[in-house]
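Before any comments, here is the structure.
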């Protein structure tokens, strides 16, 4: 049976002889959370990029989507959203068909929202050093949105480098790219984080910086509502925390009632963070510092 996602893509395709719309400005359709776990940005961008393919490529990718299992299809759609050409998407579909779901869960995503240490191949997914918490967060976001990027890191190559070394090198590269003027010894500024996502993570979509005054109850409450709204649409949210000054980044991955599931790059663990701990400035036992001082929120305007 044709899937709802594939049917929607087929219904929305550009017919021969009609001019294709080439400018993508962001999600415009009033739909709710994607049933396969993509963000609104990814779902809309995947459809737009699929529509813009040549007819033969369009049909081949559509058939691959229809034939894919429920577990595999989100990986293909994320690959389309991330900007990969049809041939690469079809190659990924072939690899997914040749392997079981365990291969995909291990090779195509670095961090999920399961509580506890996040490891791959016996290696904990944590930050390289004391200045790369932001880089680790960016890498987790980018790989979650692009299975081919994750595959580059998780697939053994003839480069004499193991998975841990490839992971570390990618974080260090992100640290350089996201700090064009900001001193690297001070970590990464939130504007550097947003700029890196804009330049290097097309499948994630644009983010904006939202500073938080957690000493003002109204501002803090509004910020928590904005984070909740993003998580409800499957958008991860970088959290900037600290003491009297910003010190550390973590990544809110999902929401479960009045708790966030948050990836902490210093420990390489996903932890349940009660919202009361944010409101009461008691985050240190969970994330190392007490105060929420800023968040990066998805910029989802058309």
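The values are calculated or read from the model by the stated rules, or taken from the named source; none is laboratory data. Source: prediction; values computed, not measured. Note that each Cβ is placed from the backbone with ideal geometry, even for glycine, and that neighbours are counted across all protein chains shown.
Assorted remarks:
- A count restricted to segment 33-65 and to residues that are under 24 Å from residue 113 (Cα atoms) and either buried (at least 21 other Cβ atoms within 10 Å of the Cβ) or more than 18 Å from the chain's Cα centre (by Cα) (or both) stands at 9.
- Residues satisfying the stated conditions in segment 214-223, i.e. in contact with a helix residue (DSSP H, G or I) (Cβ under 8 Å, 6 or more places away or on another chain) and closer than 27 Å to residue 132 by Cβ: 214
- Inside segment 106-124, residues that are in contact (Cβ under 8 Å) with a residue 24 or more places away in the chain, over 15 Å from the mean Cα position of the chain (by Cα) and farther than 17 Å from residue 72 by Cα make up a count of 10.
- Across segment 212-233, the qualifying residues are those that are within 13 Å of the chain's Cα centre (by Cα) and either modelled with pLDDT of 95 or more or in a helix (DSSP H, G or I) (or both), and the one among them that is farthest from residue 256 (Cα to Cα) is 230.
- Of everything listed in (1) more than 25 Å from residue 192 (Cβ to Cβ); (2) in a helix (DSSP H, G or I); (3) modelled with pLDDT under 95, the single unmet condition for residue 41 is (1).
- A single member of 226, 256 is free of Cβ contacts under 8 Å to residues at least 40 places away in the same chain and in the same structural domain as residue 123 (by TED's automatic domain parsing), and it is 256.
- Whenever a residue of segment 42-70 is outside the structural domain of residue 85 (by TED's automatic domain parsing) and within 19 Å of residue 146 (Cα to Cα), it has no partner that is modelled with pLDDT of 95 or more and in a helix (DSSP H, G or I) lying with C-beta atoms less than 7 angstrom away and at least six residues away or across chains.
- Qualifying residue in segment 276-289 (condition: touching a helix residue (DSSP H, G or I) at 6+ places or on another chain (Cβ under 6 Å) and more than 23 Å from residue 82 (Cβ to Cβ)): yes
- Residue in segment 81-101 that is surrounded by 13 or more Cβ atoms within 10 Å (Cβ to Cβ), more than 27 Å from residue 261 (Cβ to Cβ), outside the structural domain of residue 205 (by TED's automatic domain parsing) and under 15 Å from the mean Cα position of the chain (by Cα) present: yes
- Scanning segment 152-179 for residues that are over 22 Å from the mean Cα position of the chain (by Cα) and either over 22 Å from residue 109 (Cβ atoms) or at pLDDT below 85 (or both) yields 156, 157, 158, 159, 160, 161.
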